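**Student:** To start, I am sharing the structure in question, which I have written as structure tokens.
Throughout, read-outs are computed from the coordinates displayed, never taken from laboratory work. Bear in mind that the values here come from a model prediction, so they are computed numbers and not experimental data. Here the Cβ is made from the backbone with ideal geometry for all residues, glycine too, and neighbour counts use every protein chain on show.
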Amino acid sequence: MGNSMTKNSQSITKIVHSIVSSNISYEHSLLMGYANLSALARIIKKRLEKQGYRVTEEAIVSALKRYRSVKRYEEFDAFKVLSKSNITIITDALKIVFKNEKAKEIIENSMSISDKIIHISKTSNAITLVTYGLSKAEALKHFSKYRLQLLEIKDGLTLIVIHSPEEILNTPGCIELIYRFISSAGINIEDTSSTYTDTLIVVKDEDASKAFEEISFLINYSKEKLRE
């Protein structure tokens, strides 16, 4: 027997919210206000019915409205931070990834071209360098001692840096909003990191213009939300 769910059931809200939050297209359309609630409710209803739940379309619409209301309230502080942000574009970027086994040597070696290094990040498995104004051939020559440690080298990239006020350090949701807007535009993020109040995002050159448009729209949208 299927699970019976009513409009007053607490589980319907939780399940619908879980579905929406795990699907970026559902969430983005809902929060941006262009979602057809009835159409989205029908899609979710079919999904729930396949899982054995019996639920009305009206109950799902109600849960969607509540999700939108709660999420907008939660994101208010993030909009406030992003409304004060601005963007810098750095073209001719290059990403170089090495195994972590000689990270110290590689970092020391990179200091001789520090004017070309934009960012260095290190994990337990790898070390990533993002440079600009350095060709792939020049990079391979400079790091020739570490050819065996080289995992990836990729050019044709653009670095987008979002400069935000210090409030971003203690405001949840800011980075998630940036990623959501970029991802919803079908743009793949090649590399990303945060340094103090800067958010760094690396994309392919052909995606740079669209990514810039999306982030600019988010900043302007944040300003509009604060005026509402």
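**Student:** Rg/Rh for the chain: what does it come to with C-alpha atoms and Rh from Kirkwood? Mind dumping the intermediate values first?
**Tutor:** Numbers: Rg = 22.2 Å, Rh = 20.2 Å.
Value, to two decimals: 1.10.
**Student:** While we're looking at this one, here's another question. Computed over the Cα atoms of the range 124-172, what is the convex hull's projected area averaged over all directions, in nm²?
**Tutor:** 5.6
**Student:** Counting other C-beta atoms within 10 Å, and keeping those with at most 16, which DSSP coil chymotrypsin sites (Phe, Trp or Tyr not before Pro) do you find in the range 128-220?
**Tutor:** Details: sites: Tyr132, Phe143, Tyr146, Tyr179, Phe181, Tyr196, Phe212, Phe217; in loops: Phe143, Tyr196.
Sparse-neighbourhood loop chymotrypsin sites (Phe, Trp or Tyr not before Pro): Tyr196.
**Student:** Something else about it: Using only Cα atoms, find the angle between the long axis of helix 57-74 and the longest principal axis of the chain, and express it within 0 to 90 degrees, rounded to the nearest 10.
**Tutor:** It is inclined by approximately 40 degrees.
**Student:** Report, to one decimal in Å, the Kirkwood hydrodynamic radius for the range 3-74 based on all distinct Cα pairs. Please report the intermediate quantities before stating the final value.
**Tutor:** Details: mean 1/r = 0.0833 Å⁻¹.
The Cα-based Kirkwood calculation yields 12.0 Å.
**Student:** Using only the alpha-carbon atoms, how far is helix 174-184 inclined from the longest principal axis of the chain? Give it as 0 to 90 degrees, nearest 10.
**Tutor:** Between helix and principal axis, roughly 80 degrees.
**Student:** Here's a follow-up. For every other residue with a beta carbon closer than 13 angstrom to the beta carbon of His17, add +1 if it is Lys or Arg and -1 if Asp or Glu, then tell me the sum.
**Tutor:** On the way: positive: Lys14, Lys65, Arg66, Arg68, Lys71; negative: Glu27, Glu74.
After counting each charged neighbour, the total is +3.
**Student:** Per DSSP H run of at least 4 residues, take -39500 (n - 2.57); add these up for the chain, divide by its residues and hand me the 222 nm value, nearest 500 deg cm²/dmol.
**Tutor:** Details: 9 runs with 109 residues, N = 228.
Dividing the helical sum by the residues of the chain leaves -15000 deg cm²/dmol.
**Student:** What distance in nm separates the two pseudo spin-label positions at Thr88 and Ile153, each 7 Å out from Cα along the beta-carbon direction?
**Tutor:** My value for the distance between the label points is 2.6 nm.
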